Each structure stands twice: as structure tokens, then as C-alpha cells.
Amino acid sequence: MTKKAFAIPPVSTADPNVFFNTVAARLLSSELNMDLSAIPIYPTNQYTPAVHRLLQVTANIYDCTTTNYYPSVFRPLFWKTNELIGGVYQTNIYLTGYQYVQEPLSVTGPPIFNPPTEMGDPGIPFGLSGMSNNIYGMPWVIGVKKGLPNFNALEMENCFFIERELQFTRNGADPQPSGSPFPYGRTYTTNQMYIMGISNLLGVEFWNSYSNAYTNPVVVVAQDMLSCVLTNDAGMLPIINNYTISSNILLTAWLGSSSPFSPSQPSPLSFVLPLGTNMFLPEPLNTQSGFISTNNTYLYYYGTGGSVTTSGGTFTGPTFLPISFNPPNYPDKGTAPLPNFGMAITNRLVAYILDTQNGTHILDYVQLDGMNSSVNLNQAIADPDSSGLWSTNYYAGNIPYGVYEQYLISIGGTSFPIVDSDEGAGTPAQGWTTTPVPGAGADTSPAAQQAYFRAFFSANDEALYQGAGGGLITNLQLSIQAPFTPMRLVVQRMVYQANDPLVHYLASDLFDLRDSTNSRASMSQPPPGLNPPLGILNDRYAPWGARGSSWPGTVEYDQNSSNLSYKDPLASNSDSWNFPTNEILNASWLGQVHRGTPWQTIFLKSTNILDLELVLGGGSGAQIFATGLSTWQLWTGDLDAEDASNMAPVQDWQMASYLASLFETNYASLFSVNDNNPSDWENLMNGMTTLSNDVNNVIVQSGFFRTPQFATFIVSSNSPQAIVMASAIESTRAVQPMGFFTNVGDIFAIPQLSDASPYLNTNISQVQKAISDEAYEAIPVQLLPLLRADSIGSVTSANGQSIIQFTGDDNHAYAVQVSCDLLHWTTISTNCPVNGAFTITNTVTSRPQLYRTFLVQ
């Protein structure tokens, strides 16, 4: 029986909804084996950076076919279900496709700017949510357009402040002669109290990265939801603080960044900071003026019992108290070690830009989650040994060494720890009480405080003081606080910033693996870190050649700022892009489409970033490390190695060949990628146009070289260059598994077609300064629409049936024929491949059966 199927017609750009969902669905299916109509996002989220990149490429391709000034915007649609899985009903949420946002926006239209919800929010309605729901972490897909300002960065500083106060008490026994042994018949006890504070600082940055000003009026909106939790293992309830911070500003014009020749010096006025003006470290108990900050300070009483009554009520330790409830005495006894404390931060951001020149148009929109962090505070504040005020080692019994060190400093039994900058900075030195000492006049110095403290522990309640007043100081108090109070500030700085301004829709796009710090910092100094504050050029911003080892504070990802395996050559700033517009769908311009990873268009060159190796040492002692994947993960921020590999540049080889076949209407007349005659390849390339960099090396290496220049050549079939390229194709095909190319994209691995083109001078200085992406990909981009893959088959047997599988292009029909003698052929079915293959079955016979396909349409 013959089963007939017909080729799917080529896609059309007439309806953006149909185009986007059709192309995106086919790319996801063919590249990642995923179904656009049912991508799970909750409770398991399969929306990864590799998924988003294919959606971004789809939107970018569509925008290349239009003349629209504004980018196309596609919003995700969701479906919430209650499914019976393993006998238990489970709530699941799926991404089910996308809806094109019709602009200009209508005031009475769908509420597309509704505040996003969390994925697990029970308020998300069951069924199809349509346009009513935004979900944090599920980005809109916005086509790439040159010249528009973008969201650029978010920085957080989570500051944890702690100080330890010691209280000493004694009974009222009479003074004893100085020769009597300690404690002179008295009873001394020690209490402790901790004061803790948390400050959360937040700044958001937008940037016009282009040299020209954006002159249309725009509205810039930013809203951040921050949750800060202080946890413990002492049985106390955690402290949870939630904040929502919003800003909405109007700009009548947005200045440009810089000239194309000074990308490292953008104008500060090209940055817009709706939340915050700069990144400074505040005192932990105060709000830093000009920057969004939240501050919460608590007393922490720790003990096995006891209570304290204040104007706010009665509290039993261990517990947190607001700082306003500071009682005169501590309710706990002894100096037990501090329990384990942790700080957890959850952060979600909505940020967008609207152009209001002619109605309302969306320029940019992000809704980010996953910007979360946690800190083990005990580890963060602890000194590593028995030499610091926050050492947890025991001095004697159950007294932590840090507590004993605090006592010694307070009594003058040890030198002041100048090396500990948290306590040693400032004038007067931080940590010392400044209460005037009785008997020392107006002297409030640490030396006077130490003398007064020593008197508390002396037999006759007196201590000699060598200060300005001189003489003896008397202390008759029954309760006294240690005059020295150690303090420590832990600063966790989280940096989220765009590398390429066009790539910033997932938290991973903004995550710099080199510069997320959980570090201790001085109270008087800004926190450490590689990145500069907001309002100036990102440290992570790293287009072609813009940064090298001489860039202050920069650690290059692979010590090569001009690496064409992961960024486009000569794309030195945003102005370098030249995206196609008003194009008819075909493969000839695919190499100019931004691919959704930093500083890179669809990749048709041969250098594979995943094969990058680092060689250390020389000779027989050399060590070789495969560093390509880690370099690529640093570049993209994708922590998942498999997912990062799925969006590596070399994945474009197959994607581009698939798109070419999707856009091609005359597939049957295309040239077979497995043609084994070099002369055929030479003839195929005959008449192609290619570029050759024709500025000599000396000029390129000079400081006067600015603009690359190219000579244009027409490929001749009998030229030495054509012979070199055709020979390389054949030699590469010969060493493929089974001696043939499986897909059209396989030929892009051949260096002679791109990176090592015989038409290019590939001297290192030329590679760094003088060869464009267009020049590298001139031949591949012309070959791409001319080639087709062959249908390749395999046969297996099971249960008396032959299972026959053939590869093929999804958009065309293939007839399957069977023969027993290679002379007489019978058609048994006609099929259209799905995901590049189709399978049929046929009854096994006693005679040998041979199968073949031919292209029907």
C-alpha cells in the first residue's frame, strides 16, 4: 500500500504570529527535540538559555524581513493543568507558544504590563492564560534592532553587620587588699549580646550603547522585588523582610555613548539609572543618600533561658529584638558560641523602555528571576585561627577565643589588633566606647577605658592611668560593659550585567562567573570586586578587540580579545552591527543575523570554541587542558554544561542548513553535498564573489590603521583558490563516517572555506584588525542556499518486519522504493520527514531487499 504525503509549503512572513510559531517550533524540534506547544516550566523548568536562543534567532530573522523601526515583540503563552501522574494529581505549567504584540499599544488593550508572578504562584489560573499573565524568568522575545537603548545591568550589595557586646557583673563584696588572690571573694559573671544589621543596596542601569542619541521621548520603568531572610539553627523564627522598589522616569532625549573609535569611553549621560545613582558602601545602620537601600538592625539575645522586659513586651532568649528594645541588662548568661546564621536573598526585576513618539512602542522588556544568593554568615565572619576577635576556637572550657581576645584588649592585656581593619580603622578607633571615664576628666581614649575596666577587676577597685589626668581611676560599678566591641561587616556583592547590550533577557545572560563575591570588607572602604560601579562601562562588556591584558582590572576569558570562535571579528561596539532589513526569505543573509549570544551572528566559520585547548609549559612537560567549554560558559553565563554545548556556535552549522531548506522552494534542483567530483565543486563556486583583505601587514600593525579594506574577486572554476577549496571539501568528506556528509552544515567545518580561505591574508595582525565576518563567510553564505543533503537510509529487522529509516528534509516528499535485483524498483510509500527523518516498515522476504529514495517534490 502506498502512503502519500506532500511537501509542506515554505513559511511566509505575512503573519508574524504564524511565522514565529512555525519557525520556532521547527527549530526547537530539529535542534533540541522539544515541542513548542508544551515546554514544561513548572515544577520542572525546561526553558533554558539554549531554548531561548533559538526563539531569539527566530525573532531576529523575522525582523530582517521587515522595514519596521521598532522591534517585533512576542509574548509567551501558558497553560496550567492538574494532571494525574503516578496516581497523584500534580499541577503543571507549560509554555504553549507565543503571541505577537500588535503596536502601537492600545490603552484599552490587553494588560501586558501586569506585574509578573512566580512560577509556583497559585494565583495563576488553570487553563490557557492568554495575555493576562507574566511569569518571572519567562522572557518576552524581542527582535534585535540597531540603535535602541537597552536594559544593561543590576547590582546588589547585601551587607551583614555584627557586633558582640560583653557585660561583666560582680556581687557587692567589700574591696580586698591588693595582695589577695583573684576573685577576692567576689563572684564575677559574663553575659554577651550580639547586634546584627542587614542592609540591601540595589542599582539598575539602562544604556544607550550607540554613538547617536535616541531622540524620541521614552519612559523608563524599573521595579524590583527583594526578599531578605536571616536564618539560624537556634530555634528562632527567621527574620524575613520583603521590599518592592519602583521607579518611572521620562526622557525627552537619550544621549549617545561615544564615537565608534572610543568605545572604552562612553558618555556618563548615556547611562540611565532609575534605581540608584552609584555604588557606594553605606554605614550599616544608615541609608546611603542617592542609592536605593534597605536597613534592618536587630539585637540578638542568646541563652538557654531568661527573659527581659522592655517597653515593647517581655522576650525570652534566644530571640531577635528590634534595636529600639535595647534593655540595660542582657538576659542570657555565659559566652556560648554563636549559633549558625545564614542570609538568603531572593531578587526579581521588571525593567522596560517604551517609546511614546507615535503611540506607545516597546523598545525593551525584561522580567528576571534566579538572581538569588545565600551566605553562611558564621563562615564569612570567622577568623581562621586563634588570633582573631571572631575566632570560634576555644580558649578555655566553652569560652571562644574571640571572646577572650575581646576581654584582653578591653583590659589592656594585649595589643590592639591593627591588622584587623574592621576594628582598626578610623579616628578614634572603631569599636571603643567614647563615654567619659570617671576620674579621667574629659579623656575618652581607649587607654582611659582600659584603666576603668581594669579597676573593675582589681582588689581595691582601682587602676593606675598614665593619661593626661594621671593618677588612679576608681570603678565601683557592679555591672560594666567591655569598652572594646568588635565589629565585622560582610559584604556580598552580586553583579548582573550585559556583555553584549542585545543579550540580556535571562539572568544567565547577565551573570559574570568571575565576579560574584561573598567577601568580608572594611567598614570604611568600598567592597572588593573586579567590576566598576554603575554608570560607567561594564567590566563584562567585551566586544571584539575592545579589551586585552592592559585593560584595568580585567581578566580576559582566554587571554585573547580577538577570538573569532566566539565573537564576530571587528564587532568592536554596538555601532559595528549591520543587520539586514526588508529581505526576502532565503539563506544568503543568514550569516548577518544576530544569534542571541554575545557579539556573534549566525556562525558559518570553522573554528570550534568547544575544541579550544590551553597548553602550559613546553616540550615533553607540556600540559594540555580542554578549556573550550569552560570558556564558552564564562562567555554566556550558562552554568549547565550540556545546555551551553547545545547553543555553542558550531550548532549553527546544522541550524543554518535547516533554515536554508525551510526557505528554499526548489529543493530538487540543489547540489548534493556529497557530490564526489572536485570539478563539480569548482564549477559550483565559479562566479561567486569573495573578498580579500588588501592592506599590507605593516600598515595594519601601525597606529594609523582605522578602516579595513577589501578587494573583490570573482571565483573562477580553474583558479588555484577554487582548486584548494574543492580539494578540501573532498578530502574532508572522505574521512567522514562511512565516507559522506550527513548534513549540509558538515562542510562548514572545513577551514579553507572560511577561517583559512585562500583569498585571505591571515597574519595575526590582519586577524585582529582587518578581516570582517563578511569576508570570512563570503563563500559559506553563497554555498548555503545551493546545497542539499542526501537521503541516507538504514534497515533493521524485528518481529518479521524490516524497519527502514531514511533521513531527509522536512519540507519535501520522498518516495521509497524496494528492489531485489537493483534492476526492477517498486515504490512502496511516499513520506515527508519529521525532524529530518522518517520510518516505514515492510515484510521480510526470503529474497534480499534493497531500498532507495528519490525526491518527489
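The values are calculated or read from the model by the stated rules, or taken from the named source; none is laboratory data. All values reported here derive from a predicted model rather than from experimental measurement. Glycine gets a Cβ as well: all are built from the backbone with ideal geometry, and neighbour counts include every protein chain shown. Each accessible area value is taken on the protein alone, full model and side chains, heavy atoms only, with ligands, DNA and RNA left out. Shrake-Rupley method; radii C 1.70, N 1.55, O 1.52, S 1.80 Å.
Things to note:
- Scoring Asp121 on the criteria (1) assigned to a strand (DSSP E or B); (2) free of Cβ contacts under 8 Å to residues at least 40 places away in the same chain leaves a single failure, condition (1).
- Test: residue in region 162-178 that is β-branched (Val, Ile, Thr), under 30 Å from Glu405 (Cβ atoms) and free of Cβ contacts under 8 Å to residues at least 24 places away in the same chain: no
- Enumerated strands (runs of 3 or more DSSP E) restricted to region 517-633, each holding at least 2 residues that are under 24 Å from Ala153 (Cα atoms) and at pLDDT below 90: 517-520
- Restricting attention to region 333-374, the residues being crowded, with 20+ Cβ neighbours inside 10 Å and either modelled with pLDDT under 90 or farther than 30 Å from Val218 by Cβ (or both) number 5.
- Of all the criteria given as (1) open to solvent by 30 Å² or more (accessible area, probe 1.4 Å); (2) touching a helix residue (DSSP H, G or I) at 6+ places or on another chain (Cβ under 9 Å); (3) at pLDDT 95 or above, the one not satisfied by Val23 is (1).
- Residues in region 178-225 that are open to solvent by 10 Å² or more (accessible area, probe 1.4 Å) and of a type in the set (D, E, K, R): 1 in all.
- Among the residues listed as Ser246, Ser259, the single one being at pLDDT below 75 and not charged (D, E, K, R): Ser259
- Of all the numbered requirements in (1) surrounded by fewer than 19 Cβ atoms within 10 Å (Cβ to Cβ); (2) closer than 30 Å to Ala722 by Cα, Ala798 misses one, and that requirement is (2).
- Contact map, region 690-703: residues that are among the hydrophobic types (A, V, I, L, M, F, W, C) paired with residues that are open to solvent by 80 Å² or more (accessible area, probe 1.4 Å) and not in a helix (DSSP H, G or I), Cβ distance under 6 Å, separation 6+ or inter-chain. Pairs shown: Val695/Gln709.
- Set side by side, the residues Gly147, Gly137, Gly143 differ, and just one is touching a Cys at 6+ places or on another chain (Cβ under 9 Å) and closer than 23 Å to Thr597 by Cα, which is Gly143.
- Here Gly303 does not fit the description of being modelled with pLDDT of 85 or more and assigned to a loop (DSSP other than H, G, I, E, B).
- Qualifying residue in region 54-75 (condition: in a helix (DSSP H, G or I), over 25 Å from Ser645 (Cβ atoms) and either in contact with a strand residue (DSSP E or B) (Cβ under 8 Å, 6 or more places away or on another chain) or open to solvent by 10 Å² or more (accessible area, probe 1.4 Å) (or both)): yes
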